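Report on one structure; see the data block that follows.
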Amino acid sequence: MSDLSQQINITDDLEALLRVLPPYIKEALEAANDGEKLIEIVMDLGRQPEARYTDREVILSEREVIQDDIDYVTERIGKFMGDNRAGIERTLHRISAILNRQGKVIGLTSRVGRAVFGTVDIVQDILESGQSLLLLGRPGVGKTTLLREAARVLAETKRVIIVDTSNEIAGDGDIPHPAIGRARRMQVARPSLQHEVMIEAVENHMPEVIIIDEIGRQLEAEAARTIAERGVQLVGTAHGQTLENLLLNPTLSDLVGGIDSVTLSDEEARRRGTQKTVLERRAPPTFDVLVEIQDRQTFAVHHDVARAVDSLLRQKPLLPEIRYRDEAGDVKIETPAQPAAALGRDRDRDTREVMPAAKGKNGDYGDFRGKMAASGMIDFESTKSMQPIKIFPYGIGQNRLRQASRTLRVPVTLVDDLEDADILMTLKSYYRKHPQPITEAERLGKPVYVLRSNTVIQMESCLADIFSLSERESDPASIAMRETQEAIRKILSGTRSVELSPQSASIRREQHELARQAKLVSHSLGREPYRRVRIYRDAPTGSK
């Protein structure tokens, strides 16, 4: 026996399920002697009975199932409820019925219910943190089993209520299965009433934790949000395998915040490099943490659901944390590496031209750059590991684009062939006409970045977004400081004077300070709100 099986204790009460099956099916299962891997037994009228194991499917008999075989089972189990499920009292087994149009049972799926002790440690830290946890996974992967074990562990220190719609968590009958420990169980008369029982649990029984299996309807999603907003920890399961599946489900997407179509302003759409109509998260998620159960021993954990959803909607998905149990039974955690900046991934190296570091005609002003970096204007150190991107410039000044890349010190390559490019950059006036290069770029799936004007400042702002530089580097104050830096560079290269854009008094003070550090002269001129700074090589004639 492996170390893993020694640490995990499994009780399935399989004999109770075998007793309700027709004798010839029971004998076939006992002869197979592989109960640990048995998942369910399928009996359909007029077909051979079948057993489904974790690794195979087996025909149990050449004899076809007749109505007497199905009646034999239904007479020995509990009553079928509104969800066409029944159970065996004091066990976790579930028998689901297939009905004909007259309501007669003509097929049965008997699923083996197992209480598995010792599996919750893989997410125990999340459960004990008090955060609400949502479990996703395909049918049969172990969601309900984990939910049952979570209820038992949390009930040792907290008041736990299980809303057990199909009696699958705590078993059939009025006395719950011992596998849920000290947790209390509320049964649901009809599946359509699950949301009402969820609210009733909060209002009547003062729980600290509510356990819910199979949130599948909009009313249940709304009830879950109501419960979460009352400060009660939620632990539940939902239909779907991944976070993306859940977002695409209009009924359940509210569990992770919901999705709305939003129209951006022209400026915001340009800043993001997207179309004006985009998808945004509508509200805070109901659940704080989401776990995708990939298999019984491997989980993908999204610790911040809000951030994960936002990134997914912007087509920059975050990698989840991977947790798994090795053969020795120890839980291993693999934290994902931080994602690379958008479009900053590895590129092929057949570049036509890479922007060089800036250097003036009158000498190298790396020392001046050092002062700019020290002032917090641009974090040049963060740009060293970036991979170059290839830009196809359409209708914009290539020299200005080179200048903008030098200012930000980001690696940019200009290409003449659209197919070699990673992105296309153009002006708003060209984009409106939708000429052939822009149409072709969209057909190829290449991002199109649209500038409002053919200026260095616009290009710098666009590059800051492409390379995911910090917000501080792209806010209005920082853009103004970069304009000042570029003006100083021009003057050091031989220009007599440069007049800057109008700014507030606080920004003008910083512009004067940068000019002073570069040993240049600066004056303010004009009236508010158009007062601005002009920088000179020498003091202007007639100044005092």
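A compact table of results
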quantity	calculated
Criterion violated by Thr145 - all others in (1) in contact with a Leu (Cβ under 8 Å, 6 or more places away or on another chain); (2) in the same structural domain as Val301 (by TED's automatic domain parsing); (3) of a type in the set (Val, Ile, Thr) satisfied	(1)
Residues satisfying the stated conditions in the stretch 52-76, i.e. under 42 Å from the mean Cα position of the chain (by Cα) and either more than 20 Å from Arg296 (Cα to Cα) or touching a residue at least 60 places away in the same chain (Cβ under 8 Å) (or both)	Val58, Ile59
Search result, residues across the stretch 224-241 that are modelled with pLDDT under 90 and of a type in the set (S, T, N, Q)	Gln241
Spans of strands (runs of 3 or more DSSP E) in the stretch 14-92 with at least 2 residues in contact with a Gly (Cβ under 9 Å, 6 or more places away or on another chain) and of a type outside the set (Gly, Ala, Ser)	38-44
Positions within the stretch 516-525 being surrounded by fewer than 15 Cβ atoms within 10 Å (Cβ to Cβ) and either modelled with pLDDT under 85 or of a type in the set (D, E, K, R) (or both), in sequence order	Arg516, Gln517, Lys519
Residues of the stretch 274-289 satisfying the condition of being charged (D, E, K, R) and either over 17 Å from Leu248 (Cα atoms) or under 14 Å from the mean Cα position of the chain (by Cα) (or both)	Lys276, Glu280, Arg281, Asp288
Residue in the stretch 83-93 that is touching a Phe, Trp or Tyr at 6+ places or on another chain (Cβ under 7 Å) and not assigned by TED's automatic domain parsing to the domain that holds Leu247 present	yes
Count - residues of the stretch 108-145 that are touching a Pro at 6+ places or on another chain (Cβ under 9 Å) and over 18 Å from Ala170 (Cα atoms)	2
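Yes or no, residue by residue, for (1) in the same structural domain as Ser522 (by TED's automatic domain parsing); (2) aliphatic (A, V, I, L, M); (3) closer than 25 Å to Lys316 by Cα; (4) at pLDDT below 80:
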residue	(1), (2), (3), (4)
Asp420	yes, no, yes, no
Met425	yes, yes, yes, no
Tyr449	yes, no, yes, no
Ile479	yes, yes, no, yes
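Per-residue answers, yes or no, for (1) within 22 Å of the chain's Cα centre (by Cα); (2) closer than 30 Å to Tyr72 by Cβ; (3) in contact (Cβ under 8 Å) with a residue 40 or more places away in the chain:
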site: Gly107; (1), (2), (3): no, yes, yes
site: Val120; (1), (2), (3): no, no, no
site: Asp125; (1), (2), (3): yes, no, no
site: Gly130; (1), (2), (3): yes, no, yes
site: Gly137; (1), (2), (3): yes, no, yes
site: Thr157; (1), (2), (3): no, no, no
site: Ser166; (1), (2), (3): no, yes, yes
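The values are calculated or read from the model by the stated rules, or taken from the named source; none is laboratory data. All values derive from a computational prediction rather than experimental measurement. Virtual Cβ from ideal backbone geometry, glycine too; neighbours counted across all protein chains shown.
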